[in-house]
Amino acid sequence: MSLPRTATTFPPPVMEARRWLEGVTFPSDRPLVNVSQAAPVEPPHPDLRRAIAQAALNDDSAHLYGPVLGLPALRAELAARTSRIYGGTVASGNVCITSGCNQAFAAAIATLCAEEDEVIVPTPWYFNHKMWLDMAGVQAVPLKTGSDMLPTPDAAEALITPGTRALVLVTPNNPTGAEYPAALLDAFFDVAQRHGIALIVDETYRDFHADTGAPHALFQRPDWDETLIHLYSFSKAYRLTGHRIGGLLTSPARLAEAEKFLDTVAICPAQLGQHGALWGMQHLDQWLAGERDEILHRRAAISSGFPALAEKGWEILGLGGYFAYLRHPFAQSSADLAPLLVRAAGILCLPGTMFYPQGDSDGPRELRIAFANLDTAGIGDLFARLAALDLPRS
């Protein structure tokens, strides 16, 4: 008897980690340090909230079904912004709006794959990508990354088979924070184009990239939309996580296929969130630049403060976006260490085992730290708690 699709994958990791908090109390002088989820906890800019409220009060259409592919004005705005950032040519017909970036990925896979097809995904991977591939009956083919947490195009090309439908890259990466160089993305595009498969690039954390220039030149490629499928999220940039607004950029022909999927799953993205995202793109560039500066300041605090942990045997494997990806020095697996940290240090983080295939030897040594909601003092407190751990060493 075959399994139902949901039984083919693992429970949601963030929800599993939250269950480690059950029955644990944290003293007032050592509150919980929650670095488990890469999402802003503060509400959107007050003026953006007012824009959403005004839409709710004054725009009757905001409460009705909207276009399946999203509000035309938002699609046009995202197309124009993408063209401007990357120096390429993106039309509104290349853009659809989705109910979060996870749905954009799911829609892309639905247009690409049948059951038993293959998609190549670097490890450590974003677990929600793996979960969706499992539930879609698609084989996630792990692609090992190097010590710099970057995959190599040659290694990816060696994994391509007649069943391969796509390569998936996330930059800045979740979970490692690694920022993929433009030349590396170019090389992956060449591999995908040469083999007639898609290159899916998820840039959820693009707005917090350390470089000031364009992250890559893929949108400048002739006929880019025949190979590139680009994913974007408004959640992190504009603090709209609860509104579930993402973007999928590809060819009009593929969007026509994606529309079938989107119409049957959600019918349309949430209207009020779309109004908020549109207002944010039109009015909050300076504010967003400040948000980016703050994230980069916290990243710098991690770099400057890490030597104290390095003396204790810790290593930093990746840093960028919202993430610091660490190798711990202890004998036990991160799968056991992460729940222990809740009780022993008041820290909630995710173990590397959640980002690898079962049995992989790297995950047990690694932890993901999502630092976006820690200020400099909070980062110092986190490091002090980790440095004070007295556990058996490997």
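Can you say what percent of the DSSP beta bridges in the chain, counting only those with both residues inside, are antiparallel? Round to 5.
Counting only bridges with both partners in the chain, antiparallel ones make up about 50 percent.
Compute the semi-axes of the equivalent ellipsoid of region 277-394, taking the square root of 5 times each eigenvalue of the Cα gyration tensor, and list them largest first in whole Å.
Working through the eigenvalues yields semi-axes of 30, 17, 12 Å.
What is the distance in Å between the Cα centroid of region 100-161 and that of region 288-332?
So the separation of the two Cα centres works out to 26 Å.
Say R0 is 35 Å: what FRET efficiency, to the nearest 0.05, do SER304 and HIS195 get from their beta-carbon distance?
0.20
What is the sum of charges, Lys and Arg at +1 and Asp and Glu at -1, for the other residues whose Cβ falls under 15 Å from the Cβ of ASP202?
Summing Lys/Arg as +1 and Asp/Glu as -1 gives 0.
Assuming 0.36 nm per residue, please report the length gained on full extension of the stretch ASP211 to ASP154 beyond their Cα-Cα distance.
Here the segment from ASP211 to ASP154 would lengthen by 17.9 nm.
How big, in percent, is the set of alpha carbon pairs in region 84-170 lying more than 21 Å apart?
For region 84-170, the fraction of Cα-Cα distances above 21 Å is 39 percent.
Before anything else, pin down the relative contact order of region 297-337: Cα pairs under 8 Å, at least 6 apart, normalised by residue count, whole percent.
Across region 297-337, relative contact order equals 28 percent.
With a 1.4 Å probe and all protein chains left in place, how much of the accessible area of region 115-170 comes from carbon and sulfur atoms, in whole percent?
In region 115-170, the share of accessible area belonging to carbon and sulfur is 53 percent.
Can you tell me how much longer the chain between ARG84 and SER394 gets when fully stretched, taken as 0.36 nm per residue apart minus their C-alpha distance, in nm with one decimal?
Taking 0.36 nm per residue and subtracting the Cα distance, the gain is 106.6 nm.
With +1 on each Lys and Arg Cβ and -1 on each Asp and Glu Cβ, and nothing else charged, work out how big the dipole of the chain is about its Cα centre, in Debye to the nearest 20.
Computed charge dipole of the chain: roughly 660 debye.
Quick one: pull the percentage of alpha-carbon pairs in region 151-234 with a separation above 22 Å.
Result for the distance tail: 22 percent.
List the relative contact order of region 78-147 as a percent without decimals, with contacts defined as Cα pairs under 8 Å and 6+ residues apart.
Once normalised by length, the contact order is 26 percent.
Go from 0 up to the bin containing the longest alpha carbon distance in the chain, width 20 Å each, and give me the % of pairs per bin.
So the P(r) values, bin by bin, are 27, 58, 14, 0.
Report the far tail of the P(r) of region 175-286, meaning the percent of Cα-Cα pairs longer than 24 Å.
Looking at region 175-286, the distances longer than 24 Å represent 35 percent of pairs.
Give me the distance in nm between label points sitting 7 Å out from Cα along the Cα-to-Cβ direction at HIS283 and PHE26, one decimal.
Between HIS283 and PHE26, the simple spin-label model gives 3.4 nm.
Counting only DSSP beta bridges with both residues in region 178-335, what percent are antiparallel, rounded to the nearest 5?
70 percent
Counting only GluC sites (Glu not before Pro) that sit in a DSSP loop (anything but H, G, I, E, B) with at most 12 other Cβ atoms within 10 Å, what is the longest stretch of the chain containing none of them?
Maximal segment without exposed cleavage sites: 117-310.
Please say if region 24-125 is rounded, prolate or oblate, where rounded means a/c under 1.5 for a ≥ b ≥ c the square roots of the C-alpha gyration tensor eigenvalues, and otherwise the choice is prolate for a/b larger than b/c and oblate otherwise?
oblate
Would you mind calculating the relative contact order of region 314-394 from Cα pairs under 8 angstrom and at least 6 residues apart, reporting the percent as a whole number?
34 percent
The values are calculated or read from the model by the stated rules, or taken from the named source; none is laboratory data. Fair warning: this is a prediction, and the values are worked out from it, not measured in the lab. Because the Cβ atoms are built from the backbone with ideal geometry, glycine has one as well, and the counts that use them run over all protein chains shown. Side chains are part of the model used for accessible areas, which takes the heavy atoms of the whole protein and leaves out ligands, DNA and RNA. Shrake-Rupley method; radii C 1.70, N 1.55, O 1.52, S 1.80 Å.
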